[in-house]
1. Could you sort 81-90, 153-162 so that the peptide with the highest average Cβ count within 10 Å comes first and the rest follow in order?
2. Can you check what the net charge comes to around Asp42, using other residues whose Cβ is under 14 Å from the Cβ of Asp42 (Lys, Arg +1; Asp, Glu -1)?
3. I'd like to compare 185-194, 2-11, 29-38: which one has the highest average count of other Cβ atoms within 10 Å, and what's the full order after that?
4. Students often get this wrong, so check it: of Lys72/Lys120; Lys6/Lys91; Lys90/Lys160; Lys100/Lys162, which have C-alpha atoms separated by over 28 Å?
5. Tell me the GluC sites (Glu not before Pro) within the stretch 75-146 that lie in a loop according to DSSP and have at most 13 other beta-carbon atoms within 10 Å.
6. Excluding ligands and nucleic acids, what accessible area in Å² is computed for Asp104 using a 1.4 Å probe, to the nearest 10?
7. Cross-link candidates for Lys107: which aspartates and glutamates have Cα within less than 15 Å, leaving aside residues fewer than 8 places away along the same chain?
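The values are calculated or read from the model by the stated rules, or taken from the named source; none is laboratory data. Remember, it's a predicted structure, so these values are computed and weren't measured experimentally. Every residue, glycine as well, gets a Cβ built from its backbone with ideal geometry; the counts of neighbours run over all protein chains shown. In case anyone asks, the SASA skips ligands and DNA or RNA and just uses the protein heavy atoms, side chains included. Shrake-Rupley method; radii C 1.70, N 1.55, O 1.52, S 1.80 Å.
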Amino acid sequence: FINVSKISVNLSEIFRNLSFKKIDVPKGFVNGQILITGLKSDPYFQGKLLASSVELSFPLIVSNRISIPFAKINVEHNEFILLKTSGKVKKDYEIFAEGKIVMDRWKFDHAEANISTYEKYFPCDLNVRVAQFTGLADLNLDIYLADGFLDVSGDVKVQKTKAKVLNSQLLQKPPRKKTHIRTDLNIFLGPHVNFQFDPILRCLFAPDSEFK
């Protein structure tokens, strides 16, 4: 067996050297211990990790940093399990998350997570190639990453939001990406949702509208 004790990882150093623009981690630490037993061809992982003082942001989704005081991670067999934890945006808006990373022996197999704000709205800015969204959102999302595909499903409720589709970008060929994103979302529109199809159409949605 291999006993990896007194693990101490500076997350900011790791993400600084990764060319992964969908997440930014300027601060955070992971400490703990992992025991590795079993065969070399079929390892068994067991241990506990603690992430602390984490600050992160998703530049394409949340413009503000999310602060996470601590998060517990259990390591069981081939799974790294993030227990349900909470973080805050602007020190006032709370977001909850849980999930796991599943290994295939020594290789990554897939990751899955749930992110929810439990019927509470928080500032959410989304800026993709053909559209921009700015306003308040209530999220309940299931995320699954495997084989170069990122699947996002669940419910998104928005209010006091400006949605702008960039018509000039629709005709451009999308850039090649290593990870392809697939969505299956139920989007519920609350009061004061303004939609702009630049430069053709501008409208204001009626409250309680729904679309996918």
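1. Most protected by this proxy first, the peptides run 153-162, 81-90.
2. +1
3. Listed from highest to lowest mean packing, they are 185-194, 29-38, 2-11.
4. Numbers: Lys72/Lys120 24 Å; Lys6/Lys91 31 Å; Lys90/Lys160 18 Å; Lys100/Lys162 34 Å.
Checking Cα-Cα distances, Lys6/Lys91; Lys100/Lys162 exceed 28 Å.
5. Filter output for the stretch 75-146: Glu119.
6. 60 Å²
7. Excluding near neighbours in sequence, the set is Asp42, Glu79, Asp147.
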